[in-house]
Each structure stands twice: as C-alpha cells, then as structure tokens.
1. Take every Cα pair under 8 Å in the chain that's 6+ residues apart, average their separations, divide by the length, and report that relative contact order as a whole percent.
2. How much net charge surrounds residue 22 when only other residues with a Cβ under 13 Å from its Cβ are counted (Lys, Arg +1; Asp, Glu -1)?
3. For 45, 72, give the ranking by accessible area with the largest first, probe 1.4 Å.
4. Give me the accessible area of residue 62, 1.4 Å probe, in Å² rounded to the nearest 10.
5. Based on the Cβ-Cβ distance from residue 2 to residue 41, what FRET efficiency comes out when R0 is 35 Å, to the nearest 0.05?
6. Below 14 angstrom from the Cβ of residue 11, what's the summed charge of the other residues (Lys, Arg +1; Asp, Glu -1)?
7. Run the simple label-point estimate for residue 53 and residue 73 please: 7 Å along Cα→C-beta, distance reported in nm.
8. Using a 1.4 Å probe, what is the accessible area per residue for the chain, in Å²?
Amino acid sequence: MTESTSNFARDQRRCRTKYSLELARQASRISSVMLPASINAEVVTTANGFKQQHGADDLRHFLLLLVESLETRGRSGAVDAVHAFMLHEA
C-alpha cells in the first residue's frame with residue numbers, strides 16, 4: 001500500500017466516524033426521493049450543506065462514503081447522481 005493510499009484510507013475511516021450520523025441522515029433523505037431531477041437537486045443540496053457546515057476539505061470523502069451507503073440501499077440512480085456531482089462540481 002502506498003503512502004497516499006494509506007492516507008486516503010485513514011481519512012476515509014476518520015470521516016466515517018466523524019460524519020456517521022450525517023451520512024445516515026443524508027443517505028436516507030436522498031434514498032426517499034424518486035424523481036431523477038429531484039435526486040440531483042437533493043445531492044447538490046446535501047453537498048452544499050456539508051460544505052457550509054464543515055468546509056470543503058472532507059467533502060470528497062463524505063461523498064464517497066455517501067455513495068457506499070446509497071449502494072447498500074440499492075439506490076443506483078442516486079449513486080450516479082453523486083458521481084456526476086463529483087465529476088462536475090467537487
């Protein structure tokens with residue numbers, strides 16, 4: 001494992017612990033949305049709210065953990081929306 005991979009894994013673990021409640025809450029909110037346009041809007045709202053509350057430093061880690069949670073919930077459309085957001089906005 002390279003040092004950057006090790007640092008990334010360490011940061012993911014730290015963020016999973018630090019933001020576990022927020023991850024669960026936001027994954028639940030996004031999972032409850034059915035229309036694709038509404039899912040996209042919810043992802044943007046979630047990411048912007050996270051940046052406003054916690055700053056941008058951990059946003060990428062938070063969004064990757066959010067993807068994991070949405071995958072576990074079987075919400076592939078929401079997973080795609082988060083990935084699209086990450087490609088274009090984050």
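1. Details: 60 pairs, mean separation 31.3, N = 90.
Here the relative contact order equals 35 percent.
2. Numbers: positive: 16, 18, 25, 29, 51; negative: 58.
Result for the local shell: +4.
3. Working: 45 80, 72 120 Å².
Highest to lowest solvent-accessible surface, that is 72, 45.
4. So the heavy atoms of residue 62 present about 0 Å² to solvent.
5. 0.40
6. Around residue 11, the charge tally is +3.
7. 1.4
8. That works out to 61 Å² per residue.
The values are calculated or read from the model by the stated rules, or taken from the named source; none is laboratory data. If you're wondering where the values come from, they're calculated on a predicted model, not measured in any experiment. Methodologically, a virtual Cβ is constructed for each residue, glycine included, from the backbone with ideal geometry; neighbour enumeration extends over all protein chains shown. Heads up: the accessible areas ignore ligands, DNA and RNA and are worked out on the full protein's heavy atoms, side chains in. Shrake-Rupley method; radii C 1.70, N 1.55, O 1.52, S 1.80 Å.
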